[in-house]
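S.K.: Pasting a structure below so you can have a look.
The values are calculated or read from the model by the stated rules, or taken from the named source; none is laboratory data. Since we're looking at a predicted model, the values are computed, not measured. Note: ideal-geometry Cβ built from the backbone for every residue, glycine included; neighbour counts use all protein chains shown. What goes into the accessible areas is simple: the full protein's heavy atoms, side chains included, and nothing from ligands, DNA or RNA. Shrake-Rupley method; radii C 1.70, N 1.55, O 1.52, S 1.80 Å.
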Amino acid sequence: MRAVERASSILEALRICGKATLHDLARRSGLPKPSAFRMLRTLENAGLVERLPDTDLYRLGVRCLILGQAYLEQTDLRAEARPILERLREEFDETVHLAVLDGELRVVYLDKLETAHAVGLMMSRVGRTVPSYCTGIGKALLANQTGDPVSCLEENGMLLRYTPNTICDPHALRKELKSVRERGYALDLEEHEPGVRCVASPVFGPDGSVVAGISIAGPANRLPKKLLQGKLAEATMRAAREISYRMGASC
């Protein structure tokens, strides 16, 4: 067990540093230099670490990539997210969603965990698609897209008004998405469905791109803005980071 812990500390140090000398790895892992050297030799033989030619620098080996890819291939987003979503629902007793964007920049719900409260006004269901720009989970996804998704929505005539709170103006929407990106969460203040509010946060994959979003949603009378921006936002971002880690992100 101790050998595994030592190997793990070396690999974690290389993950953080990218490239490092024996001296740096010994210092970061807390191992004596001779022990770190022996461990590096063992990891080299296993293909988990490699030494750069004509240098004193070490880096992660190609075997790490192979193992990481195998993990991702066996990882099911919905399955990885489910226990974390269940914990969110249990903590706040509100409806929780997991969703992705489709090719037309619409939200597709992959999972929905219902609250114990009777909420007949919420239209979301697994497999249903809804607009992205006026839902919390959609804005969390759009805010982390490359390029200018707002232009795409505008050009395709998709910026329609659903409630008096819907943000239809492209300039105002870009400003909103910038704020979402900076603070790490998005709000839906009755922008798609009257009487429904939510807070959402993005889930990232191993390459740093957004792969999904999660949200906590409920009726406006139970979700005042102060609660959404405070305790619920913190919990949603924390849960999204946990799922991102499970999906291979470095956060």
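S.K.: Can you name the residue in segment 187-218 that is at pLDDT 95 or above and hydroxyl-bearing (Ser, Thr, Tyr) and is also nearest to the chain's Cα centre (by Cα) among such residues?
M.R.: 201
S.K.: Would you point out the residue of segment 15-35, among those that are in contact with a Lys or Arg (Cβ under 8 Å, 6 or more places away or on another chain) and either part of a helix (DSSP H, G or I) or open to solvent by 100 Å² or more (accessible area, probe 1.4 Å) (or both), that is farthest from residue 250 (Cα to Cα)? Steps first, please.
M.R.: Narrowing segment 15-35 to residues in contact with a Lys or Arg (Cβ under 8 Å, 6 or more places away or on another chain): 16-20, 22-23, 26, 29, 31, 35.
So of that shortlist, the ones also either part of a helix (DSSP H, G or I) or open to solvent by 100 Å² or more (accessible area, probe 1.4 Å) (or both) come out as 16-17, 19, 22-23, 26, 29, 35.
Numbers: 16: 9, 17: 13, 19: 16, 22: 23, 23: 24, 26: 22, 29: 19, 35: 27 Å.
Checking each candidate, the answer is 35.
S.K.: If I ask for residues that are crowded, with 18+ Cβ neighbours inside 10 Å, part of a loop (DSSP other than H, G, I, E, B), touching a residue at least 60 places away in the same chain (Cβ under 8 Å) and not charged (D, E, K, R), which ones from segment 179-196 would you list?
M.R.: Listed by number, the list holds a single entry, 192.
S.K.: Quick one: residue 91 ticks every box in (1) exposed (fewer than 15 other Cβ atoms within 10 Å of the Cβ); (2) in contact (Cβ under 8 Å) with a residue 60 or more places away in the chain; (3) closer than 20 Å to residue 246 by Cα except a single one, so which number is it?
M.R.: (3)
S.K.: Within segment 5-14, restricting attention to residues that are out of contact with any helix residue (DSSP H, G or I) (no Cβ under 7 Å at 6 or more places or on another chain) and either open to solvent by 100 Å² or more (accessible area, probe 1.4 Å) or of a type in the set (S, T, N, Q) (or both), which residue is nearest to residue 55 (Cα to Cα)?
M.R.: 8
S.K.: Within the group 221, 156, 144, which residue is modelled with pLDDT under 95, open to solvent by 50 Å² or more (accessible area, probe 1.4 Å) and closer than 19 Å to residue 108 by Cβ?
M.R.: On the way: 221 fails: closer than 19 Å to residue 108 by Cβ; 144 fails: open to solvent by 50 Å² or more (accessible area, probe 1.4 Å).
Every option except 156 fails the conditions.
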